[in-house]
1. Does R192 count as of a type in the set (K, R) and buried (at least 18 other Cβ atoms within 10 Å of the Cβ)?
2. May I ask you to list the residues in the stretch 56-88 that are away from ligand 1 (no atom under 12 Å from the Cβ) and of a type outside the set (A, V, I, L, M, F, W, C)?
3. With the condition kept exactly as written, say whether any residue in the stretch 184-205 is more than 17 Å from the chain's Cα centre (by Cα) and under 22 Å from K77 (Cα atoms).
4. May I ask you to verify whether C252 is within 16 Å of ligand 2 (Cβ to nearest atom) and crowded, with 18+ Cβ neighbours inside 10 Å?
5. What pairs can you find where one residue is in the stretch 112-133 and hydrophobic (A, V, I, L, M, F, W, C) and within 16 Å of ligand 2 (Cβ to nearest atom), the other is modelled with pLDDT under 95 and outside any strand (DSSP E or B), and their Cβ atoms are less than 6 Å apart, with a gap of 6+ or different chains?
6. Take the conditions crowded, with 23+ Cβ neighbours inside 10 Å, within 19 Å of the chain's Cα centre (by Cα) and at pLDDT below 95 and apply them to A98. Does it pass?
7. Within the bounds of the stretch 130-138, is there any residue that is over 18 Å from L189 (Cα atoms), more than 15 Å from the chain's Cα centre (by Cα) and away from ligand 1 (no atom under 13 Å from the Cβ)?
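The values are calculated or read from the model by the stated rules, or taken from the named source; none is laboratory data. Here the structure is a predicted model, which means the values were calculated and not measured. Virtual Cβ from ideal backbone geometry, glycine too; neighbours counted across all protein chains shown.
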Amino acid sequence: MDEVRSAASGTSTDGSDTTAKGADAAAAPEEAAGLTAREVSKSFTLGGRELPVLRGVSFRLQAAETLAVVGPSGSGKSTLLHVLGTLERPTAGTVTLAGSDLYSLPEGALARLRNERIGFVFQDHYLLPQYSLLENVLMPALAFRRERAGARQRAAELLARVGLADRLGHRPAELSGGERQRAAIARALLNRPALLLCDEPTGSLDHATAAAATDLLFELQRQEGAMLIVATHSRELAARCARRLQLRDGQCFEA
Ligand code: ADP
Ligand code: MG
């Protein structure tokens, strides 16, 4: 949960406040705005034994492209999203986002980049119960202690775009599951991220509510021009993405 909360707010665990300046001026032009994973591997050590989950995953995504990550439960979809989203360091390999080699950045710069360039939507909304919807959506702009100019207006505008204009002062408990997930989508987009990562975003919703949330997700993604990566079991959701990446035995295959 700490990991998720810091993902939502973008703060680093050490509270440091360093500017992300990892942009590599020498990056190829097609990489400058996109995402590149090169030979990404991730293993966990459990009871002294090594469990390899990702074994050399490579792919490239262009600006504003959409990609579904599919595969059976336990195939490493969430692990891949965590590594792409800087929540979990890979055992080997590199991830480059908009020209920055993420895991070569110092921790503070990485936290700032996570806050400014990456939005997360999880299966659970992780809205903070004691805060209003407006405050929750504003949360990513409050990281690093200063509220960014125009952020409050942007939060209200995003909540209007997800159909919650008249709920700004409501607490999460006063909303339905679908409404909470729409607020989580608004929160993820607050800082205009280059990359939106969604892990089973409709996994807790009934079919009709999931379909409405999916429509909204793709509409906002198009309007905002963010890259979108969705890990999902849902064939319908996967079919909405321009590309599909299948995970099997720790490797990926473009379907
Ligand atoms: P998926 O999202 O496709 O269901 P996950 O990425 O959650 O798959 O998990 C892939 C494998 O990695 C599973 O075997 C899971 O138990 C293991 N795993 C995930 N996170 C951890 C962790 N923090 N520690 C140990 N094992 C983990
Ligand atoms: Mg998962």
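1. no
2. Residues satisfying the conditions are G56, S58, R60, Q62, E65, T66, G85, T86.
3. Scanning the stretch 184-205 turns up at least one residue that is more than 17 Å from the chain's Cα centre (by Cα) and under 22 Å from K77 (Cα atoms).
4. yes
5. Final answer for the pair search is F120/A7.
6. Against the criterion (crowded, with 23+ Cβ neighbours inside 10 Å, within 19 Å of the chain's Cα centre (by Cα) and at pLDDT below 95), A98 does not qualify.
7. Yes - at least one qualifying residue is present in the stretch 130-138.
One line per residue, one yes/no per condition, for (1) in contact with a helix residue (DSSP H, G or I) (Cβ under 8 Å, 6 or more places away or on another chain); (2) surrounded by fewer than 21 Cβ atoms within 10 Å (Cβ to Cβ):
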site	(1), (2)
T79	no, no
L84	no, no
G108	no, yes
F120	yes, no
E135	no, yes
L142	yes, yes
E147	yes, yes
G150	no, yes
